[in-house]
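Working notes for the structure below.
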Amino acid sequence: MSAPVILIVEDEVSLARFVELELQHEGYAVKKCHDGREGLNLALNENFDLILLDIMLPSLNGLEVLRRLRKEKQTPVILLTARDAVMDKVTGLDTGADDYITKPFAIEELLARLRAALRKQPAAQTPQEMLTVGPVRLDALRHAVTVNGENVNLTSREFQLLQYMMENADIVLSRETLLSTVWGYDYMGETNVVDVYIRYLRQKIDEAHGVKTLHTIRGVGYVMKAGESHV
Ligand code: CA
């Protein structure tokens, strides 16, 4: 299989160069440009596996590039947004972006999101049916969860959250990521809903069974890890 080809559309030349080098180091083939209109032309006329698209761009902004691209192609797009540009994120996702990442970002997070967006591509991969993280087992087909072999009753939202965290075990997941994945990009309610549901899961999974699998990473988010029993 040949390396995935990524297009970077970013007018900050040093940032674009940095990301290009990192991606090449990870084995991706990379093309980059620094202008919205040029980016749109490349995106329309060549085939990329994924596009990293800055929003604030000269000549044509990223959202407009995305809007025009989506009329013709469904190439996965990850938007690069400025901190606090909430409306850009919402508009971007409504316009058909697959994900977004807020600048400044850690390159590891970008790589993780890129891998996730690329994974979604090949014809509807079958989700993993059985997931195990330490004492916790999740059977996606039977919609059943056990901890140390004991059944746990979860609501469907709790189940979805747990499933996503188990699929991404050992990866720290931000509230934003959990919210957009489990509740959907169009969710407009309270953002602390994630914390509330983590608390429910903690009660039902960890506290009820004397294990510790759901960890808070202060200021970052949550991670599910196989934890030792502490009873
Ligand atoms: Ca920019």
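Rule-based calculations on the coordinates, nothing more; no lab input. It should be emphasised that the depicted structure is a prediction, and the values quoted were computed from it without experimental measurement. Ideal geometry is used to build each Cβ from the backbone, glycine not excepted, and the neighbour counts take in all protein chains shown.
What ranking do 74-81, 189-196 get when scored by the average of other Cβ atoms within 10 Å per residue, highest first? Present the calculation step by step, with values, prior to reporting the outcome.
On the way: 74-81: 21.9, 189-196: 12.6.
Averaged packing, sorted descending, gives the order 74-81, 189-196.
Contact order, relative form, for the chain: 12 percent (alpha carbon pairs under 8 Å, 6 or more residues apart, mean separation divided by residue count).
Quick check on the exposure proxy: order Val90, Val182 from fewest to most C-beta atoms within 10 angstrom. The partial results should precede the final answer.
Details: Val90 14, Val182 21.
With the sparsest Cβ surroundings first, the list reads Val90, Val182.
Considering only beta bridges that DSSP places wholly inside the chain, some 50 percent are antiparallel. Taking only the C-alpha atoms of the range 123-224, the Rg (one decimal) and the largest Cα-Cα distance, Dmax (whole number), read 13.1, 40 Å.
The smallest convex shape that holds all Cα atoms of the range 82-174, its convex hull, gives 126 Å³ per residue.
Show me the chymotrypsin sites (Phe, Trp or Tyr not before Pro) within the range 176-214 that DSSP assigns to loop and that have at most 13 other Cβ atoms within 10 Å of their Cβ.
Working: sites: Trp183, Tyr185, Tyr187, Tyr197, Tyr200; in loops: Tyr185, Tyr187.
Sites meeting the loop and neighbour criteria: Tyr187.
Using the Cα coordinates of the chain, the gyration tensor eigenvalues translate into equivalent-ellipsoid semi-axes of 36, 18, 16 Å, sorted from longest to shortest.
By counting other Cβ atoms within 10 Å of each Cβ, how are Lys204, Lys120, Lys225 ranked from fewest to most?
Values: Lys204 18, Lys120 11, Lys225 15.
Fewest-to-most Cβ neighbours within 10 Å comes out as Lys120, Lys225, Lys204.
For Gln160 and Gln24, a Förster radius of 35 Å and the Cβ-Cβ distance give a FRET efficiency of 0.45, rounded to the nearest 0.05. Computed log10 I(q)/I(0) for the range 1-94 at 0.11, 0.12, 0.15 Å⁻¹: -0.28, -0.34, -0.53, from the Debye equation with unit scatterers placed on every C-alpha and solvent omitted.
For the chain, what does the helix formula give at 222 nm: sum of -39500 (n - 2.57) over DSSP H segments with n ≥ 4, over the residue count, nearest 500 deg cm²/dmol? Dividing the helical sum by the residues of the chain leaves -10000 deg cm²/dmol. If you model the range 28-153 as an ellipsoid using its alpha carbon gyration tensor, with each semi-axis the square root of five times an eigenvalue, the axes come out at 36, 16, 13 Å, biggest first.
Mind sorting Thr155, Thr213 by how few other Cβ atoms lie within 10 Å of their own Cβ, fewest first? Let's see the in-between values first.
Details: Thr155 11, Thr213 24.
Result, fewest neighbours first: Thr155, Thr213.
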